[in-house]
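Enquirer: Next up is a structure, given as structure tokens.
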Amino acid sequence: MLSYRHSFHAGNFADVLKHLVQVLIIEALQQKPTPFVYHDTHAAAGRYNLRDKTSEKTGEYKDGIAKVWLRDDIPEVMETYIDIIQSLNPDGQLNYYPGSPLVAKSMIGKTQRMELTDLHPTDLALLEQEFAGDRKVRIQKLDGYKGINAMLPPPQRRALVLIDPPYELKTEHDDAIKGIVAAHKRFSTGIYALWYPVVSRPQVTKFCEKFTKQGIRNILRVELNVKQDTSEYGMTGTGMIIINPPWKLEKQLREVMPFLVKHLGQDSKANFKIEQLVEE
Ligand SMILES: C[S@@+](CC[C@H](N)C(=O)[O-])C[C@H]1O[C@@H](n2cnc3c(N)ncnc32)[C@H](O)[C@@H]1O
């Protein structure tokens, strides 16, 4: 069942949008001096060597981070994210890409707690290795949704919960909604950021509609479509659903999305969407 390995996809256009949103939310949390928790339900490995055979096999990063990381017209909103990538690759060669746990760690250092869960033994071992000896980071082999139920609300009462399922199983869209609804009941003020792929447009439309019917308020959606929707197999876009987004996030996304469409778009139909799915 656990066939998904993020190393095949690390640094692709979906990672660029996801990790940018993650960075902007953490920056917003850092505006206040009170502690918060970074909780990653589907953490995966933490760091990816783009020169290893899995990354090179798909080369997905070439249509993602490789297209933007050295540009000299990076929008200000994207600077922290790009700095993280550049610090991992100080010689100007794109050899490494950070997973979401390392993106978070790069920003919060040893100041905030991190809760990381995953189920894949190989990726968990790599994650343990990445964070060995870091007492602020707890790594557990645990279903991501069981993890949020068990660990929320955090004692700090402030958190970003990143939910990044592989969507390999037919149930995973519904699992994500159910998991978030249950978590939100326990901790309604947390920030939840859920990633989704655009593979089938009808499925995305249904998914977003379902989200609006769960009694959860204040939901923002951002989507980057790098090419025209298709009924054939393949990811044509990527989105994030954010519950309780920081107040500046929508404005920041409006500033940066045209840049992403311009540089990551693959055909003339590339576009972005920013939509308040449910009002506050
Ligand atoms: C898309 S990857 C995560 C990538 C990571 N968040 C990042 O941005 O670098 C999805 C991960 O979810 C893990 N996974 C699959 N089902 C899970 C579950 N029920 N609970 C926790 N992790 C799961 C997979 O092993 C895989 O490592």
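Enquirer: Find all pairs meeting these conditions: Cβ atoms under 8 angstrom apart; at least six residues apart or on different chains; first residue within segment 54-82 and over 24 Å from Met107 (Cβ atoms); second residue of a type in the set (Ser, Thr, Tyr) and part of a helix (DSSP H, G or I).
Expert: Qualifying pairs under 8 Å: Thr54/Ser7.
Enquirer: Take segment 83-104 and flag every residue that is polar (S, T, N, Q), free of Cβ contacts under 8 Å to residues at least 60 places away in the same chain and closer than 30 Å to Thr117 by Cβ.
Expert: Listed by number, the residues that qualify are Gln86, Ser87, Asn89, Asn95.
Enquirer: Shifting gears a bit: Please go through segment 129-139 and pick out each residue that is loosely packed, with under 14 Cβ neighbours inside 10 Å and either in a helix (DSSP H, G or I) or in contact with a Cys (Cβ under 8 Å, 6 or more places away or on another chain) (or both).
Expert: Listed by number, the list holds a single entry, Gln129.
Enquirer: When you check Tyr97 against the structure, is it touching a helix residue (DSSP H, G or I) at 6+ places or on another chain (Cβ under 7 Å), assigned to a helix (DSSP H, G or I) and of a type outside the set (D, E, K, R), yes or no?
Expert: No, not satisfied.
Enquirer: Of all residues in segment 40-49 being out of contact with any Lys or Arg (no Cβ under 9 Å at 6 or more places or on another chain) and not aromatic (Phe, Trp, Tyr), which is farthest from the ligand (Cβ to nearest atom)?
Expert: By that ranking, first place goes to Asn49.
To keep it simple, each residue is scored yes or no on (1) in contact with a Ser or Thr (Cβ under 6 Å, 6 or more places away or on another chain); (2) surrounded by fewer than 20 Cβ atoms within 10 Å (Cβ to Cβ).
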residue: Lys32; (1), (2): no, yes
residue: His39; (1), (2): no, no
residue: Tyr48; (1), (2): yes, no
residue: Gly64; (1), (2): no, no
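Enquirer: Any idea how many residues of segment 162-181 are among the acidic types (Asp, Glu) and closer than 17 Å to Gln214 by Cβ?
Expert: 3
Enquirer: Can you pull out the residues in segment 1-39 that are within 17 Å of Lys248 (Cβ to Cβ) and more than 13 Å from the ligand (Cβ to nearest atom)?
Expert: Residues satisfying the conditions are Leu24, Ile25, Ile26, Glu27, Ala28, Leu29, Gln30, Gln31, Lys32, Phe36.
Enquirer: Taking the criterion of being more than 14 Å from the ligand (Cβ to nearest atom), of a type in the set (Lys, Arg), surrounded by fewer than 22 Cβ atoms within 10 Å (Cβ to Cβ) and not in a loop (DSSP other than H, G, I, E, B), would at least one residue in segment 140-147 satisfy it?
Expert: Checked segment 140-147: no residue is more than 14 Å from the ligand (Cβ to nearest atom), of a type in the set (Lys, Arg), surrounded by fewer than 22 Cβ atoms within 10 Å (Cβ to Cβ) and not in a loop (DSSP other than H, G, I, E, B).
Enquirer: Tell me yes or no: at least one residue of segment 157-169 is assigned to a helix (DSSP H, G or I) and either surrounded by fewer than 20 Cβ atoms within 10 Å (Cβ to Cβ) or within 16 Å of the ligand (Cβ to nearest atom) (or both).
Expert: No, every residue in segment 157-169 fails to be assigned to a helix (DSSP H, G or I) and either surrounded by fewer than 20 Cβ atoms within 10 Å (Cβ to Cβ) or within 16 Å of the ligand (Cβ to nearest atom) (or both).
Enquirer: Out of the residues in segment 189-213 meeting the condition of being surrounded by fewer than 15 Cβ atoms within 10 Å (Cβ to Cβ) and among the polar types (S, T, N, Q), tell me which one is nearest to the ligand (Cβ to nearest atom).
Expert: Looking at residues that are surrounded by fewer than 15 Cβ atoms within 10 Å (Cβ to Cβ) and among the polar types (S, T, N, Q), I get Gln203.
Each value in this text was obtained by applying a stated rule to the coordinates, not by laboratory testing. Nothing here was measured: the structure is a model prediction, and the numbers come from that model. Here the Cβ is made from the backbone with ideal geometry for all residues, glycine too, and neighbour counts use every protein chain on show.
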